[in-house]
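Worksheet: the structure to be examined is printed underneath.
Here, each number is a calculation from the coordinates, and none is a lab measurement. On a predicted model such as this, the values are computed, not experimentally measured, just so you know. Don't worry about glycine lacking a Cβ; one is built from the backbone with ideal geometry, like all the others, and counts go over all protein chains shown.
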């Protein structure tokens with residue numbers, strides 16, 4: 001299931017406060033969309049989506065995706081200002097509905113992982129031993145200076 005929030009603002013002159021400003025009430029409803037009913041996902045650019053004309057707010061760079069849901073497609077517009085969010089939404093929903101279509105960012109990530117896998121195979125890193133054999137201590141420690149071996153002086157100088 002995909003849960004979307006449908007928010008619309010309604011202006012009312014009856015809600016004017018003491019300074020005479022008109023209050024805007026925001027009404028939010030939740031829309032539940034079954035992923036199995038999603039027919040297609042279409043990413044859009046600027047100007048492809050309805051914009052709310054609230055005073056003092058400019059939505060000139062609103063972008064998003066459109067979901068076509070059901071046999072007689074109902075259209076759901078998912079809006080954001082961020083291009084990376086649109087790519088993530090499209091990649092996620094396309095993966096859930098079984099469409100093999102990736103955004104440019106996702107394709108770059110896949111290529112990066114494939115390059116890493118190829119390099120690992122070329123280095124044959126899949127046969128790394130789990131334990132490394134530690135060599136035994138040397139039998140002759142005469143090469144260590146006597147004062148260090150007896151811990152009579154400090155090696156560290158400040």
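At 7 Å along Cα-to-Cβ for each site, give me the label-to-label distance between residue 114 and residue 84 in nm.
Between residue 114 and residue 84, the label points sit 2.4 nm apart.
Can you give me the distance in nm between label points at residue 132 and residue 71, each placed 7 Å from the Cα along the Cα-to-Cβ direction?
For the pair residue 132/residue 71, the computed spacing is 6.6 nm.
How do 120, 1 line up, fewest other C-beta atoms within 10 Å first?
On the way: 120 11, 1 7.
The fewest-first ordering by Cβ neighbours comes to 1, 120.
How do 133, 68 rank when sorted from fewest to most other Cβ atoms within 10 Å of their own Cβ? If you can, show how the numbers build up before the last one.
Numbers: 133 6, 68 15.
Ascending Cβ contact count within 10 Å gives the list 133, 68.
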